Structure formats: structure tokens, C-alpha cells
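Structure record follows, encoded as C-alpha cells.
The values are calculated or read from the model by the stated rules, or taken from the named source; none is laboratory data. Quick caveat, the model's predicted, so the values are computed rather than measured. Glycine gets a Cβ as well: all are built from the backbone with ideal geometry, and neighbour counts include every protein chain shown.
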Amino acid sequence: MRRAPHIVVIGGGHAGIEAASAAARMGASVTFITQDVHAIGRMSCNPAVGGIGKGQIVREIDALGGRMGYLTDRAGIQFKILNRSKGPAVQSSRVQCDRLLYQSAAQSDIRDTSGVSVVADSVRGIRIKGEAVNAVLGNSGEAYEADAVVLAAGTFLEAIIHVGSSTRPAGRLGEAPANGLSGQLRELGFEVGRLKTGTPPRLDGRTIDYPVCDVQPGDELPRGFSRRHPLPIANRAVCWLTYTTAETHKVIADNIGSSPLYNGQISGIGPRYCPSIEDKIMKFSDKPRHQIFLEPEGMGTDEIYINGFSTSMPVDIQANALRTMPALRDVRMTRPGYAVEYDFFPPTQLRLTLETKLVRGLYFCGQINGTSGYEEAAGQGFIAGVNAVLGCRDEEPLILDRSESYIGVMIDDLVTSGVDEPYRMFTSRAEHRLHLREDNAQRRLSRYGHRLGLVSDDEFEDLKRQWEQTDNHIEQFRRTTISSKTVPFDGLKRQGTVTMAALLRIPGVSFADLGRFGADLPDLEDSIADAIEVAIKYEGYIDRQTRQIEQFKKLETQRIPSAFTYTQLTGLRREAKEKFMRIRPMTLGQASRIPGITSSDVALLMVHLHGNGSRSSRG
Amino acid sequence: MQCSLQGEPFRVNPSSVHVDLTQTVCAIATPLGQGGLGIVRLSGPQAVMIASRVFRGARTLADQPGFTVHLGIVIDPETNLEIDEVLATVFRRPRSFTGEDAVEFSAHGGRIVLSRILGVLISCGAGPASPGEFTLRAFLNGRIDLTRAEAVADLIAAKTGEAAKAAMKQLRGSLLEEIRELRKTLIGAIARLEMGIDFTEEDLAAGDLADVKVRLQDVSERTGRLLEGYQSGRILRDGFTVVLAGPPNSGKSTLFNYLAQDERAIVTDIPGTTRDVLKEFINLNGWPVCLVDTAGVRETSDVIERLGVERTWNAALEADAVLWIIDSTGDCAKQLPPPGVIPEATPLAICCNKIDALPPGSEVSKVPPFLPNTSGQNDDERPVLDISARTGTGVRDLLGVIIRWIDRADTGHSVDMITINDRHRAVLMAASTSLQTAMQALAAGNGAELVAFDVKNAATSLGEIIGETTTDDVLGEIFSRFCIGK
């Protein structure tokens, strides 16, 4: 038997955790390098996991056998499903977490994973032999031998923090940056870019006047992310909503010259969908007020995260601006907001496996690929960790496609189109969104996790039984009729009986309503009830989406040989040739999504792929 | 790709579309049965060399630069026998229709001579071009994009100046612009729907559904107008088909020849001479009109003639209009079309022919000036006219009737109108259906994600016309539309 592959994972954030955990559980021997072992699993920004489009990613990670869903359930203090008024495809879970609980859950989870050894060190470079990476060099002087390396350095590479005019090298407030590595990679030929993100101040909850805020409770029936979590889940905290005032806007506008975003101090590009309070006020000056959410950081602390107030203004101005809001008249800031600028590697330099095209065995994931968000990072971390092991074993990589997962959509977007601002998931990025739901994540993906050994046989058998049960119930619902006398729909009353499926198809009628109409409902797990409701309610749309997916697969399954020489393509525009050579798409489908590539370019490529041969079929 | 010079039109399986650009190919470039001049086209790296081997002129063709025309003779190099006198035009890459070296032989001869020229080119090393191959080569060599490729096919098929104008207009991209506009409007609607889905946590104005509704209606109406243009487009491209039918020897072929102004149909005094269906295009006020001469309709025991009669009825069924020719020197009432064989909706004129042969002073029309329709009303779409195909008497009135029919068949015609072809029609129909579903979902208060699903489908459909999404089906559809030589 060959020895277990050595994988070095650099970075203890959400990407690194998934990479290290998955690789170790697949049998690799993992060295998990982090500057501060107590910072593993730290939530750098708001203490919440999930959200629209992101909740789906967490479910996918969980279905594949990753950790984020389980850790979130352990640390969750408020559970909520967003977009409840809309269809199941765009409903997403969001869980407010206890920051410290999350971090300690993550640390004990890693500690309990056999095969992971955690090392406190910082990294100054990698060592390359031939075209492949073979070691990671620590500032301690240690060289960590590696068959593959997963780099998950987050915002730490050459990072600079801005608070007003004060700048200091730091990856997060109070944590040193990782310098040198991106310089070495640049020398190796990697393209390096600069991005910016920000975080709001934290407040002392004892100085907040809650009665003037609107309360934002969790759901009546809290639901977690993971079936693996054994403990009951409960809402233990609420969030609060308040608003900025004209006065707030005046304080910001009067001092805009001291914002590093507005005085030229910051050149990195920030996310448009998560603007700083400065941007909100300057760019949307017609809006009289902006929403501000007050979110608890945990049960054992009075610290409050002030969502919607990301800023890098000087500390005194941050405090002055906060105190213009009635609930925060006397507020005390425990930590100021700040902006952080950091190096990232434009992700078009990666393969769909997240391995770099330049250096064999080197995998990138998380914020260094230009994404933002814990969920996006974790999804990439999982894929990078799995592929690092599969790559060492010369096995087929795990590449999820756009029709089966948000993770696949994200990685394809990154690798094929690149980013021009920190990339965040939206449901609208997924063209097969009606299929990519939270309720069917396991059905979409658990077979991969099972094949990799990350979903146990028992669990998978259990899932298969559940799916079978669901299908049987759907059939049952289509056949079983109840008396229509008791239903509140006049049109149906006259026909005497009605099938349960027909009732469920009526807009606004939920699974639970059927019981009220006199149906004899089987006692089902929530997840099964959900799956039945979706399957019946959206039958027509799901059928049509399925046909589109079949169509999509046609181009997606046409592989382009990795050694394909684009220079031989006479008639292909120079621009198209350059793009194909840079991205090196794996399939015709991926080729067609490269920005600036026209259908003519793809048709030409297709003709050449099929036509390299003879005209022998001519009659 | 399969190659066939005759037989059933076939579909190209796009996943097997391939062209060997190193080979030189040739084909007859003028449509069957049209025109006195014929063109044989040769394209590929060896085009000028191969052409030179079969061409005898003042100069050696192989040495000539692009855009030059040479008078000479095509010979069979094996036997040195002359085939036809031709004009040879030399094109040098990339400045040719296909972007490759190319030669066009313009010959006098009919089909047989053109086929012989093709034969010697093939024996000198050229391959026969597959249907659509010249266009496919032009496309592969980056000379044209998808919509242009289709417009070229229409341009080549265009039978009159008016149709050519519409084809030129499409070539310049007005269809492209209109579709781009529509797509942009839809993308605006999608953006508004998505706002209400992905950003509900933010305090943004929720997706503006009223605006979405306005956009969907606008695009739906404009898509409808493009679909109306299909009818005009069809007439401009395929011609307005007028079938000449009637009892044997009533003078159908004489009228056919008079209108076509040539002696194409065999005209004799023996009833039943025209046993097949003959077609000719004429230009009527800029409209291409396809005249179809048919076998006379009578009870017959002759097998071949009976087949001809069957074809006549089939032609009448598919016609845009029917001219029913009767012999006014006979009993007019007995020569009228049997009830039911000409569809009620098809415009019909009864032409009482041979009025020049009537004894002077005799009553001209023996049937009422209009045929009654099913409800007993006189139908001005079904007039009775007195004509003489021999002298031309009354023919002008007949042409007036045909023009009136065309104007009615042409919904909202104007030359400025964007005309669309069959593929565009199929795609626009799909977009229109998606839009209807989306508007219903919106009206029913369904979730924005379900409305968005169909709006995105509509946008994708529109994208297919302008080539902004590529699917196998689009390519297959396009490439199968091109016939050999075009």
C-alpha cells in the first residue's frame, strides 16, 4: 500500500477547516498551519452563517460531508428562514451564531479529527520541485514536506488595515499579516490583485436602548442545517432593527474627507453589494435612512455586531455617527470598524479543481480567490481539500457542475469569468436555481460525499431510505383523495372529492393546511414534508428545469482535450484564441461561458473538435 | 456531414458537423431551374490551381490575381474536349465569400453543362461541397456571423429586388438591433425580479412588479409584430404561389407562358399535354409570384395523366391562390371546379379563356361575375374574369386581382418591415410562449423566481437568434437550412 498523501493546509479560517477536515477524513496526513491556533474558526465579520444563496451552499457542504452546517447548528442562537414569502427554491436559512461557541466547536472538531496536526507558524513561501510544490516554508525555519498544498490565507496576504488615516499591517484587527508569500508567487508568474473589504464597529450591548428598536425574532420552529447535529436546536436570542437618521448622514458627509475610501488612501476594490456606510450615504443621498441591524455576538457576552454600518472612518467619527441614532444615544464602542486591503490571485489562474494551472499540487481557496463570505470560502475549501487528496492519488477530481450545485456555479464563475469585486453568491447566479434548493441538497450531492468516504454507509443508506419514502409519499398524494366538502374552495366543493396533490398545488396551500382540510397526514420529518410539498407544487417548473439541465449537459459533457492546441484553429479570432489559451476550458460548455467568447467562436471550436478527422462520412 | 446532390433535404447533426478546410470543394451555385446562366463555384486552397487545369484562355488562370475576370473555355483535360465557353472570376484569400481562394465559372449552359463542369473539377481533385458548406466555411473563416449567414442564404434565394432589399436590410443587422433591444428590455425585467429575491434583507425597493409587467407586455407586443412580419417575409422569400388549374386544353399553359413570357410549357392542341407541374417565378409589383402550371383535370384512364391530376389537386391545396381556367367556347357552367377541392380560404378566380375565339356578338360571360361563397354571398376574392391568353385581353385585370390578393395575404407589409425566416419564427414563438407563461405567473401572484424562470427562457430564446447563446440545436438548424451551392 502506498503511504498516505501529505497535505499542508495554510490558514485556519472556514476554507482551511473544510480542506483540512475533508483531506484527513479521506485518509491524508494533514499539517494544518495557522498563525494562532486559538483563532481557528474565528468569524471575522458578522456572527451569522447562511443567508440568501449562502444557506444553500451550507446545505451542500453538509450533504457532501463537510463541517460548516454541523458547527453552525452547535453554535446557533437564532434560526431563521429568509424569503419565506417566496418559493422554496429561493428560501435560505440564516443562523445567528455565538462567536465564541462557533470557534470552540471548530477547534474541538479539528482536534477530534484524526490525521490533522495543527501547527502554529506563519508561512513565508513554498518550495517547488519541477513543476510541483513539495514543501511549505515556515517563518519558524521549519520546512513542511507536502505532496499537495492548500492555501487558504483569507485577507492576510500583504494585508493593511485602515481606520481613518491610521493604517497598519494586519490581517484582522490585532492579528499580524502574512507577508512574503504573495511576492514569491508573483515571481513564479502568478497574477496578483488587490481587494478591499470592511467590517463595522462592535458595541457594548448594555449601552443600547433596545425599546426604541424593532425586534427581529427567529422562526417559531427553528431548523438547523445538519442532520448530524444530535442536540435540539432553539432560539436563544433576538436581533434588533433600527435606522440611521438625517443627523447620521450629516456627520458622515461632513467628515467624508477623512474616510480612507474617499481620500484615495484605499485603492483596492470593495464589494458593491456590501457597501460601507460612507458609500451608502454618498452614493444614495436620496435615501432618507438606512437599515441598521443589531446582532448579538453570543450568549456569554454583551458585545453587539452592528450590521449595515461597515466603516473605516476615524474612531471618533464612527462613535459620533453611531450616537446620532436614538437607540445608540449613549452607546459605547468596544471595537471600531475598519477596512482591510489584501492580495488576491485572480481565480482564472485556477482549474475547476481549484489547483493552480502554474504549479502542480498547489490549491487556492477562499478569499485569496477573490470571494467574500464564510460559506463561499468553506465551499471552496472543501473542494480544494478533496481534490488535493484525489490529485495525489491520481484519481478523477471532484468537479461539481452548474446544474447540480451552487458550489459548482461559484467555482465555474470564478475560474471561467474571474472577479472584478469580491464575489458573493446570489441565487440569480444559478441558471438552474429551481433545482438547487436547500431541501434537495443531499439528494443532489450526498452520493459524492459517500463515494469519497465523507458520508458514512449508514448515513447514506438512511438517506436512500428517506428518498424512497419521499417518492412513495408523492405517489400517495397524487392518488389519495379526500372529501372536498371541508375545503375552503368553492370550485372544488361541487366535485365531491379531490386529490391531496391537487389541493397542495393551489397557491398558498401548505402541507400543514392539508391536515386542517381533513386529510389524514402521515407523521413525517420536516425535511420529507418539504420535499413532498416542493415536488408537487412545482412539478411543471421542475420538469421544465430538468429538460433545460439535460440540454445544458450536452455541451457540458463535450470534453476538450487538455493538450488541445488552439493555434491550429484557423479562422478563430485572435482575441478568442488568447482567451481559450488562458482559461483552457475543460468542456465546450465552459468555453461558451468565457466572457467575450461568441457563439461563433464556440461553434468553430466544436467543428474543429469533431472535424479533426476525415471527410470519410461524405456520401 | 453527408453529401447528396439530390434527394430529400436532410438535417445536419451538429455534433458531427465538420469541414476539412484543407480540401477544395465545388458545387453548382445557381438554384435548379432558374435562369439561363449558371455558376459553378470552387473554393479552398487548391481552387485556382484546379480551375487552371480545366480552363483554356488567353492567360493561365493560376497566375491571375484576385478580382480578375477571364474569358475562356472549360475543357475536359483528359480528352481535351470543350465543354462550354465561360467567364472565370478569380478570388484570392481572404477576400472571397468563403475567405479562401476561390474561382467562379459563369457558363451559358443548362443543368447538363454545369454538371459536366462540376465533373471535370472533381476529377481534377476537388470534392463536392456539402449543403451549406460554402457558408459554413465563410463562418469558420470568420467572414460572417450566424445572423449574417442566414441572411446570405435568404439573399441568394431572393427572387426579386424587393426581397433582396429585405434580405440586405437584415444583413445590415436591423433584426439584430430589434432583438437586442427586446433582450435588453427583458434583462431589465429579470434584474427587477431578481432584486426582490436576492436582496430582501436589504432595505431596497422590492422588485418593481408594475415595471416588470410593462416590460413583458412591451416585448410581447413587439415579438408579436415580428411574427406578423413572418408572413411578409415568407412571401418575399418563397414567393406567392398561384396555381393554374382547370379542365384539359382550356389554355392553362398558354396563360402560363403568356405570364412567364417564354415558351417553357409544351403547348399543343392535344388535351392532356402537360402531365407534370411546371413552375416559374414572375415579378409582380416587386413581389415574387410563383406560377404553377398543372395537368388538366378530367376523368382519365391514362395512368400517367391520372398522376398529373393528383398533383394538380395537391398543388391547389398548398397554393396561396388558384386561377381556374375554363374554355369560354365550351359550356362554362360544366367546367367549374368540383366543390370542395379548393379550400374555402384560398383566393380563386375563374378565368373564362379564349374569348378571342368566340363568335362576334356572342355573350361573353356565361357565369355570374362572382362565385358565391358558402354563405351564399358574392365573394370579391373569387371573381370571374374574361380573358384571352393568346391576345392578352383581360390579363391586366387578372394581374390586378393577384396583386390585391397578395396585399391581403401580406399582413402589415412594408419594405421597411423586418422580415424573419422559419428559424426566427420558431424561436420567437418560443419566446412568445415563455412571455405568456411569465405574464400569467405574474398575474396569478406566483413567486418572482417562477416569473423569472420564464422571462429568462424568453431572453435565452431571443439570444439564440442573434447568436448570443450557442446550442447544438441552433447550429444544426442553421446549417441544415443551406442548400448545396448557396
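Is it the case, given these coordinates, that residue A:273 is in contact (Cβ under 8 Å) with a residue 60 or more places away in the chain, in a loop (DSSP other than H, G, I, E, B), of a type in the set (Ser, Thr, Tyr) and on the phi < 0 side of the Ramachandran plot? Explain how you work it out, then say what you get.
On the way: in contact (Cβ under 8 Å) with a residue 60 or more places away in the chain: yes; in a loop (DSSP other than H, G, I, E, B): yes; of a type in the set (Ser, Thr, Tyr): yes; on the phi < 0 side of the Ramachandran plot: yes.
Yes; evaluated as a whole, the condition is true for this residue.
Which one is surrounded by the fewest Cβ atoms within 10 Å (Cβ to Cβ), of the residues in the stretch A:489-509 that are in a loop (DSSP other than H, G, I, E, B) and away from chain B (no Cβ under 14 Å)?
The first filter runs over the stretch A:489-509 and keeps only residues in a loop (DSSP other than H, G, I, E, B), leaving A:489, A:494-496, A:506-509.
Applying the additional criterion that residues be away from chain B (no Cβ under 14 Å) yields A:489, A:494-496.
Working: A:489: 13, A:494: 8, A:495: 10, A:496: 10.
Selected residue: A:494.
Of all residues in the stretch B:402-459 being charged (D, E, K, R) and at pLDDT below 85, which is nearest to residue B:345 (Cα to Cα)? Spell out the reasoning first.
Keep residues of the stretch B:402-459 that are charged (D, E, K, R), which gives B:404, B:407-408, B:410, B:416, B:422-423, B:425, B:449, B:454, B:456.
This time we only want the ones that are at pLDDT below 85, so: B:404, B:407-408, B:410, B:416, B:422-423, B:425.
Working: B:404: 15, B:407: 15, B:408: 12, B:410: 15, B:416: 28, B:422: 23, B:423: 26, B:425: 23 Å.
Selected residue: B:408.
Tell me which residues, restricted to the stretch B:48-85, are modelled with pLDDT of 90 or more and part of a strand (DSSP E or B).
Those that are modelled with pLDDT of 90 or more and part of a strand (DSSP E or B): B:55, B:56, B:57, B:68, B:69, B:70, B:71, B:72, B:73, B:74, B:75.
Here are B:74, B:48: which of them is farther than 27 Å from residue B:141 by Cα, touching an Asp or Glu at 6+ places or on another chain (Cβ under 6 Å) and hydrophobic (A, V, I, L, M, F, W, C)?
On the way: B:48 fails: farther than 27 Å from residue B:141 by Cα.
That would be B:74, the only listed residue that is farther than 27 Å from residue B:141 by Cα, touching an Asp or Glu at 6+ places or on another chain (Cβ under 6 Å) and hydrophobic (A, V, I, L, M, F, W, C).
Taking the residues in the stretch A:75-99 that are touching a strand residue (DSSP E or B) at 6+ places or on another chain (Cβ under 8 Å) and among the polar types (S, T, N, Q) as candidates, determine which candidate is surrounded by the most Cβ atoms within 10 Å (Cβ to Cβ).
Of everything passing the filter in the stretch A:75-99, A:96 is surrounded by the most Cβ atoms within 10 Å (Cβ to Cβ).
Check A:4, A:23, A:63 and return the single one that is in a helix (DSSP H, G or I) and under 24 Å from residue A:149 (Cα atoms). I'd like the intermediate steps shown before the answer.
Details: A:4 fails: in a helix (DSSP H, G or I); A:63 fails: under 24 Å from residue A:149 (Cα atoms).
Of the residues listed, the single one that is in a helix (DSSP H, G or I) and under 24 Å from residue A:149 (Cα atoms) is A:23.
Pairs only if they're at least six apart or on different chains, beta carbon under 7 angstrom, first in the stretch B:273-285 and closer than 17 Å to residue B:252 by Cβ, second at pLDDT below 70 and among the aliphatic types (A, V, I, L, M); list them, first residue then second.
B:273/B:266; B:274/B:265; B:274/B:266; B:275/B:304; B:278/B:265
How about the stretch B:62-108: which of its residues are charged (D, E, K, R) and within 14 Å of another protein chain (Cβ to nearest Cβ)? Write out each step before concluding.
From the stretch B:62-108, those charged (D, E, K, R) are B:63, B:76, B:78, B:82, B:84-85, B:92-93, B:95, B:100-101, B:104; that's our starting set.
Scanning the stretch B:62-108 gives B:93, B:100, B:101.
Is there a residue being in contact (Cβ under 8 Å) with a residue 60 or more places away in the chain, within 14 Å of chain B (Cβ to nearest Cβ) and under 23 Å from residue A:77 (Cα atoms) anywhere in the stretch A:27-46?
In the first step, residues of the stretch A:27-46 are kept if they are in contact (Cβ under 8 Å) with a residue 60 or more places away in the chain; the result is A:27-46.
Among the residues that remain, those that are also within 14 Å of chain B (Cβ to nearest Cβ) are: A:46.
Cutting the leftovers down to under 23 Å from residue A:77 (Cα atoms) gives us A:46.
Within the stretch A:27-46 (the criterion being in contact (Cβ under 8 Å) with a residue 60 or more places away in the chain, within 14 Å of chain B (Cβ to nearest Cβ) and under 23 Å from residue A:77 (Cα atoms)), the answer is yes, since at least one residue qualifies.
Do we have residue A:299 as under 28 Å from residue B:195 (Cα atoms), more than 14 Å from every other protein chain (Cβ to nearest Cβ) and either free of Cβ contacts under 8 Å to residues at least 12 places away in the same chain or over 22 Å from the mean Cα position of the chain (by Cα) (or both) here?
Details: under 28 Å from residue B:195 (Cα atoms): no; more than 14 Å from every other protein chain (Cβ to nearest Cβ): yes; either free of Cβ contacts under 8 Å to residues at least 12 places away in the same chain or over 22 Å from the mean Cα position of the chain (by Cα) (or both): yes.
Spelling it out, it is not the case that residue A:299 is under 28 Å from residue B:195 (Cα atoms), more than 14 Å from every other protein chain (Cβ to nearest Cβ) and either free of Cβ contacts under 8 Å to residues at least 12 places away in the same chain or over 22 Å from the mean Cα position of the chain (by Cα) (or both).
Please verify whether the stretch A:462-476 includes one or more residues that are within 14 Å of another protein chain (Cβ to nearest Cβ), in contact (Cβ under 8 Å) with a residue 24 or more places away in the chain and aromatic (Phe, Trp, Tyr).
The initial filter retains those residues of the stretch A:462-476 that are within 14 Å of another protein chain (Cβ to nearest Cβ), namely none.
No, the stretch A:462-476 has no match at all.
To keep it simple, each residue is scored yes or no on (1) part of a strand (DSSP E or B); (2) acidic (Asp, Glu); (3) touching a strand residue (DSSP E or B) at 6+ places or on another chain (Cβ under 9 Å).
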{"position": "A:125", "(1), (2), (3)": "yes, no, yes"}
{"position": "A:136", "(1), (2), (3)": "yes, no, yes"}
{"position": "A:141", "(1), (2), (3)": "no, no, no"}
{"position": "A:154", "(1), (2), (3)": "no, no, yes"}
{"position": "A:161", "(1), (2), (3)": "yes, no, yes"}
{"position": "A:185", "(1), (2), (3)": "no, no, yes"}
{"position": "A:190", "(1), (2), (3)": "no, no, yes"}
{"position": "A:211", "(1), (2), (3)": "no, no, no"}
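Within the stretch B:130-145, is even one residue aliphatic (A, V, I, L, M) and either within 16 Å of residue B:51 (Cβ to Cβ) or away from chain A (no Cβ under 14 Å) (or both)? Lay out the reasoning, then the answer.
Of the residues in the stretch B:130-145, the ones aliphatic (A, V, I, L, M) are B:136, B:138, B:140, B:144.
Still in the running and either within 16 Å of residue B:51 (Cβ to Cβ) or away from chain A (no Cβ under 14 Å) (or both): none.
No.
Identify, by number, the condition in (1) over 29 Å from residue A:468 (Cα atoms); (2) in contact (Cβ under 8 Å) with a residue 12 or more places away in the chain that residue A:395 doesn't meet.
(2)
Could you list, in sequence order, all residues of the stretch A:422-457 that are out of contact with any Gly (no Cβ under 8 Å at 6 or more places or on another chain), away from chain B (no Cβ under 11 Å), among the charged types (D, E, K, R) and in contact (Cβ under 8 Å) with a residue 12 or more places away in the chain?
The answer is A:439, A:443, A:444, A:447.
Within the stretch A:545-597, can you find the residues that are closer than 23 Å to residue B:452 by Cβ and of a type in the set (Ser, Thr, Tyr)?
The initial filter retains those residues of the stretch A:545-597 that are closer than 23 Å to residue B:452 by Cβ, namely A:545-553, A:555-556, A:589, A:592-593, A:595.
Matches in the stretch A:545-597: A:546, A:592.
Being under 18 Å from the mean Cα position of the chain (by Cα), at pLDDT 95 or above and not in a strand (DSSP E or B) is the filter here, so list the residues in the stretch A:349-372 that pass it.
A:352, A:353, A:354, A:365, A:366, A:367, A:368, A:369, A:370
Looking at (1) under 19 Å from residue A:167 (Cα atoms); (2) modelled with pLDDT of 95 or more, which one does residue A:320 not meet, given that it meets all the others?
All conditions pass for residue A:320, except number (1).
I'd like the full set of residues that are out of contact with any strand residue (DSSP E or B) (no Cβ under 9 Å at 6 or more places or on another chain) and under 19 Å from residue A:249 (Cβ atoms), limited to the stretch A:294-349.
A:316, A:317, A:320, A:321, A:323, A:324, A:329
For the subset of the stretch A:511-550 comprising residues that are within 14 Å of chain B (Cβ to nearest Cβ) and either touching a strand residue (DSSP E or B) at 6+ places or on another chain (Cβ under 7 Å) or within 22 Å of residue A:223 (Cα to Cα) (or both), which member is surrounded by the most Cβ atoms within 10 Å (Cβ to Cβ)?
Narrowing the stretch A:511-550 to residues within 14 Å of chain B (Cβ to nearest Cβ): A:533-534, A:537-550.
Checking which are either touching a strand residue (DSSP E or B) at 6+ places or on another chain (Cβ under 7 Å) or within 22 Å of residue A:223 (Cα to Cα) (or both) leaves us with A:533-534, A:537.
Details: A:533: 20, A:534: 22, A:537: 20.
Step by step, filter the stretch A:511-550, then rank; the result is A:534.
Exactly one of (1) closer than 22 Å to residue A:556 by Cα; (2) modelled with pLDDT under 95 is unmet by residue A:420. Its number?
Every listed condition holds for residue A:420 apart from (1).
Here are some residues: A:513, A:543, A:520, A:530. Which one is among the charged types (D, E, K, R) and in a loop (DSSP other than H, G, I, E, B)? Give the steps one after another, and end with the answer.
Working: A:513 fails: in a loop (DSSP other than H, G, I, E, B); A:543 fails: in a loop (DSSP other than H, G, I, E, B); A:530 fails: in a loop (DSSP other than H, G, I, E, B).
Only one candidate passes the filter, namely A:520.
Does any residue in the stretch B:32-47 that is modelled with pLDDT under 70 come within less than 9 Å, Cβ to Cβ, of a residue that is part of a strand (DSSP E or B) six or more places away or on a different chain, and which pairs are these?
B:33/B:279; B:33/B:280; B:34/B:281
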